[in-house]
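In what follows, a single structure is set out as structure tokens and then discussed.
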Amino acid sequence: MSELQQTPSANRLHIAILGKRNMGKSTLINALTGQSLAIVSAQPGTTTDPVYKAMEILPIGPCTIIDTAGLDDEGELGQLRVEKTLQVLRKTDIALLTITAAGLTDFDSQLLAQLRRNDIPVIVVINKQDQLRAEPELLAQLHQLGLPHLSLSAQHSDGIDSLKQLIIQHSPKTFEQPSLLGDLVQAGDSVVLVIPVDSGMPKGRLILPQVQTMRDLLDNNVLFQVCKPEQLPTLLANMVTPPKLVITDSQVFQQVAAATPDDIALTSFSILFARHKGDLLKLVQGAKALSQLSAGDKVFIAEACTHHCQAEDIGRVKIPGWIRQHIEAEIEFGFCAGRDYPADLANYQLVIHCGACMLNRKEMLSRIELSNRCGVPVLNYGLCIAAMHGILDRALRPFADVHQAWLDGKA
Ligand code: SF4
């Protein structure tokens, strides 16, 4: 299996190709990816849906190219186009704005302003230099705007290597996800993973956060054992040396905390992902808002993938039930699943997000930022469940900085 196939989409660099029609975006994508056939499927004027393609761009590695052919400046789709563009930008790690030597248009300037607002690094690609060379005035303008840029001919694959170098140079730090477990464990440590198998589990397989955690433990040469919650007491009693860490599915946090001696570190898959995909400190701050909820308040629950709602569904059933019980009041809930995330959350008092294993880090950070801009605190499933069961302090102990901030009241 190639590295491209092994790397989940959420862990690839997301590169959006933006620009007006006829700037050579499709040719640029083909030149970047070394494909000779057009990979663009969006028909001009018929769709605003961007096209996502997994690509190996050497030497960058596995990437997702977002072809925004449907988002350029033709047609009458106004507001819909703007919304789709914003959705793309939320997950974009770096953007390539494609222009020609004719210069920046108003459309390009609007895009640049939006990219700036979203804090997305951008490289201006002056394409078709084989037909028209950029005048010094344009280069000076881009320089003055502080925009990295280069001239190339995608048609002749001339300048593509320099573009790849620029992409490497300007790719943002946020793309590098904090280690899942690398700073918490050492080679030779032992870890116990607790996974309940109930009707909420997909048939015959584990879910991505569990699989990624196991892979990370293997990469770190850590020995691990997996058990169901009811098997944990026996497993711990039979271990000659206690495990360095117990990682549990959040749904059984309370049961696992009760069965795990206090001197053994304990956290959940979801809290590991809060740090890996998002910003653990900011997400912990949402825990305060949880305790301040009162009757009539509204809570928004966001899941980043779609699945059939089960009787014991964590997002739709268990968490709302636990919150109502915890607050002892009627709380109203809103839900979303998959890629759509509302732009306006101001009507809510709190957002509770899943572990976001299917999102790239940029998109999860954008969701946190968007919620915070609406003045709405966010926390994730694992933190929410730990807080409701009074074990948040314990679940944060493995993350020394965040735990200290929590104790100091800074989180
Ligand atoms: S995207 Fe969210 S809901 Fe879907 S498997 Fe990952 S953590 Fe669970």
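The values are calculated or read from the model by the stated rules, or taken from the named source; none is laboratory data. Nothing here was measured: the structure is a model prediction, and the numbers come from that model. Note that each Cβ is placed from the backbone with ideal geometry, even for glycine, and that neighbours are counted across all protein chains shown. Heavy atoms of the whole protein, side chains included, go into the accessibility calculation; ligands, DNA and RNA do not. Shrake-Rupley method; radii C 1.70, N 1.55, O 1.52, S 1.80 Å.
The sole residue among Gly200, Gly278, Gly182, Gly204 that is open to solvent by less than 10 Å² (accessible area, probe 1.4 Å) and of a type outside the set (Val, Ile, Thr) is Gly278. All of (1) in contact with a helix residue (DSSP H, G or I) (Cβ under 6 Å, 6 or more places away or on another chain); (2) within 16 Å of the ligand (Cβ to nearest atom) hold for Leu396 with one exception: (2).
For segment 215-223, indicate whether the set of residues that are surrounded by fewer than 16 Cβ atoms within 10 Å (Cβ to Cβ) and more than 25 Å from Gly61 (Cβ to Cβ) is non-empty. Within segment 215-223 (the criterion being surrounded by fewer than 16 Cβ atoms within 10 Å (Cβ to Cβ) and more than 25 Å from Gly61 (Cβ to Cβ)), the answer is yes, since at least one residue qualifies.
From the list Thr85, Thr98, the lone residue that is farther than 20 Å from Ser366 by Cα and touching a helix residue (DSSP H, G or I) at 6+ places or on another chain (Cβ under 6 Å) is Thr98. The number of residues in segment 188-202 being farther than 15 Å from Thr241 by Cβ and either modelled with pLDDT of 90 or more or touching a strand residue (DSSP E or B) at 6+ places or on another chain (Cβ under 9 Å) (or both) comes to 5.
The residues on offer are Cys374, Cys354, and the sole one that is open to solvent by 10 Å² or more (accessible area, probe 1.4 Å), within 30 Å of Leu13 (Cβ to Cβ) and within 16 Å of the ligand (Cβ to nearest atom) is Cys354. Of all residues in segment 251-263, at least one satisfies being open to solvent by less than 40 Å² (accessible area, probe 1.4 Å), modelled with pLDDT of 95 or more and hydroxyl-bearing (Ser, Thr, Tyr).
Residues that are open to solvent by 60 Å² or more (accessible area, probe 1.4 Å), on the phi > 0 side of the Ramachandran plot, at pLDDT below 90 and more than 16 Å from the ligand (Cβ to nearest atom): does segment 306-323 have at least one? Within segment 306-323 (the criterion being open to solvent by 60 Å² or more (accessible area, probe 1.4 Å), on the phi > 0 side of the Ramachandran plot, at pLDDT below 90 and more than 16 Å from the ligand (Cβ to nearest atom)), the answer is no, since none of the residues qualifies. Within segment 128-144, the set of residues being among the hydrophobic types (A, V, I, L, M, F, W, C), in a loop (DSSP other than H, G, I, E, B) and exposed (fewer than 14 other Cβ atoms within 10 Å of the Cβ) comprises just one member, Leu132. Using the structure shown, decide if Glu369 is closer than 26 Å to Gln212 by Cβ, at pLDDT below 95 and within 12 Å of the ligand (Cβ to nearest atom). No, not satisfied.
When Thr48, Thr92 are screened for being modelled with pLDDT under 85, under 16 Å from Gln114 (Cβ atoms) and crowded, with 19+ Cβ neighbours inside 10 Å, only Thr48 passes. Selection of strands (runs of 3 or more DSSP E) fully inside segment 194-303 by the criterion of at least 2 residues being more than 16 Å from the ligand (Cβ to nearest atom) and of a type outside the set (Val, Ile, Thr) returns 223-227, 265-268.
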